[in-house]
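These notes concern the structure reproduced below.
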Amino acid sequence: MGRSVYVLALGIFAMVTSEFAVAGLMPQMAEGLDATVPQIGYLITAFAVAMTVGGPFLTVTLARLPPRTALLCLFAVFLVGNVLAALATDYVVMVVARVITGVAAQAFFGVAVSLGVQLARPDLRGRAIAVVMNGLMLGTLLGLPLSTLVGERFGWRAAFWAISGLALVAALATVLGVPRLERIAPAGGLRREMGVFRRPRLWLAMTTGTFVIGATFSAFSYLNPILTELTGFATGTVPLLLIAYGAATVLGNTVVGRLADRYALPVLAVGLALNLLFLSGFALLADVPAPAVAFLLGIGLVGVTMNPAMVTRVQRAGNTSPLVNTVHSSFITAGVIIGSSLGGVAIERFGLRAPLWLGAVLAVAGLATVVPELVRRRARAATEPAPPRAAAVVCAPGGCGARRGPSSCSGGTGVAGR
């Protein structure tokens with residue numbers, strides 16, 4: 001993998017930092033836009049819905065362009081939305097700004113992942129996806145606290161100006177560091193590219209992404225009140241715990257990226273099973289600090305870090321085009337919407353442990369989309385005849401002859417089977 005794959009991660013980091021910025025600046029934005037905190041919360045929903053619905057349409061619009069040109073166009077759209085957010089004088093303008101940035105961010109994810117795959121050798125594609133998606137993990141680890149810090153020190157508008165500057169740097173790095181390649185979309189026009197969505201296996205693979213992310217975000221969206229009101233941590237301790245959670249996501253993403261090429265489906269099955277264990281354990285022991293923190297870090301290791309395995313599985317069920325990756329990203333974003341919205345409803349009815357139990361239920365649903373296929377593959381592999389083993393040559397002082405099983409000869413001295 002060349003440095004261009006890391007440049008793509010920088011672009012995603014800028015997009016994710018913009019996505020998360022609102023969550024860290026709710027009180028300041030509510031005051032500045034003469035809105036309530038719940039109204040500011042709806043900006044997160046507007047961003048996510050725009051990603052889910054609008055991203056694929058923008059990807060189709062740019063499908064005929066070379067990938068680097070498409071990325072630069074998406075940077076331009078993103079900057080328009082982000083600058084509009086920095087200049088917003090009322091709530092309605094801010095909603096429009098977040099919709100624009102959400103659509104651009106989703107399309108950018110799809111094009112960047114597809115380009116990252118194209119830039120890597122076939123045996124390194126899972127690792128390339130992990131590197132690109134580390135922009136998402138670093139957005140969790142660094143983007144949210146840094147944008148919050150800038151907003152608290154210099155005002156919430158300054159945070160959006162800073163993100164705009166970061167996007168410009170990422171765009172310049174894309175011009176200098178990403179090679180000029182032909183368009184990624186397969187030949188045959190949009191109709192042929194859309195034909196891949198007739199495959200049930202592809203829809204099943206994308207649905208897995210919805211459940212994996214839904215399970216994780218049902219917990220992640222409410223970590224602050226859970227850790228303060230249930231576990232008993234001071235408010236000032238929570239940012240440190242979130243940084244530790246972000247570090248766990250970076251580590252988990254790296255490990256999954258190295259395994260995704262060969263073991264995408266088993267990794268997903270194990271990851272969902274472990275997330276089910278960690279979410280259930282967190283729900284049961286949320287009021288005990290030590291195990292609560294251990295389960296929190298466990299969720300970080302096996303939650304959003306499943307992205308490389310999810311993307312690899314989807315690409316094998318469909319193809320590596322930007323459209324497939326963007327639609328898959330929409331399924332993932334739907335998981336964010338489902339987990340966060342149903343988690344809020346669950347809290348109102350059953351208390352703060354409820355979103356953790358909801359996450360466990362979604363993890364079980366995710367396992368239902370993975371385990372049957374894994375079992376079928378294992379059964380098929382067990383019934384298929386083993387490939388014939390080639391006869392090995394055994395060298396002896398009197399000559400060489402055939403022998404069953406692996407062997408090797410050393411210097412013609414008759415040493416076999418070393």
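The values are calculated or read from the model by the stated rules, or taken from the named source; none is laboratory data. Worth saying up front: this structure is predicted, and the values here are computed from it rather than measured. Cβ coordinates were reconstructed from backbone atoms using ideal geometry, including for glycine residues, and neighbour counts include every protein chain displayed.
Contact annotation: residue pairs with Cβ atoms under 8 Å, 6 or more positions apart or on different chains, pairing a residue in segment 40-58 that is buried (at least 17 other Cβ atoms within 10 Å of the Cβ) with a partner that is modelled with pLDDT of 85 or more and not in a helix (DSSP H, G or I), are Ile40/Leu33.
Residue check: is Arg64 in a loop (DSSP other than H, G, I, E, B), within 19 Å of Gln118 (Cβ to Cβ) and touching a residue at least 12 places away in the same chain (Cβ under 8 Å)? Reasoning before the result, please.
Details: in a loop (DSSP other than H, G, I, E, B): yes; within 19 Å of Gln118 (Cβ to Cβ): yes; touching a residue at least 12 places away in the same chain (Cβ under 8 Å): yes.
It is true that Arg64 is in a loop (DSSP other than H, G, I, E, B), within 19 Å of Gln118 (Cβ to Cβ) and touching a residue at least 12 places away in the same chain (Cβ under 8 Å).
Only one of the listed residues (Leu251, Leu272) is closer than 15 Å to Leu374 by Cβ and out of contact with any Cys (no Cβ under 8 Å at 6 or more places or on another chain). That residue is Leu272.
Could you check segment 21-61 and list, in sequence order, the residues that are assigned to a helix (DSSP H, G or I), of a type in the set (S, T, N, Q) and more than 25 Å from Leu8 (Cα to Cα)?
Restricting attention to segment 21-61, the residues satisfying the condition of being assigned to a helix (DSSP H, G or I) are 21-24, 26-32, 37-61.
Next, from what is left, pick out any that are of a type in the set (S, T, N, Q): 28, 39, 45, 52, 59, 61.
Residues satisfying the conditions are Gln28, Gln39, Thr45.
Going residue by residue through segment 316-324, is there one that turns out to be within 18 Å of the chain's Cα centre (by Cα), of a type in the set (Val, Ile, Thr) and on the phi < 0 side of the Ramachandran plot? Scanning segment 316-324 turns up at least one residue that is within 18 Å of the chain's Cα centre (by Cα), of a type in the set (Val, Ile, Thr) and on the phi < 0 side of the Ramachandran plot. Filtered by the rule that a residue be of a type in the set (Ser, Thr, Tyr) and in a helix (DSSP H, G or I), segment 291-340 gives Thr305, Thr312, Thr326, Ser329, Ser330, Thr333, Ser340. The single condition from (1) more than 29 Å from Thr36 (Cα to Cα); (2) in a helix (DSSP H, G or I) that Pro179 fails is (2). Starting from residues that are modelled with pLDDT of 80 or more and not aliphatic (A, V, I, L, M), keep the ones in segment 140-151 and report whichever is surrounded by the fewest Cβ atoms within 10 Å (Cβ to Cβ). Selected residue: Gly151.
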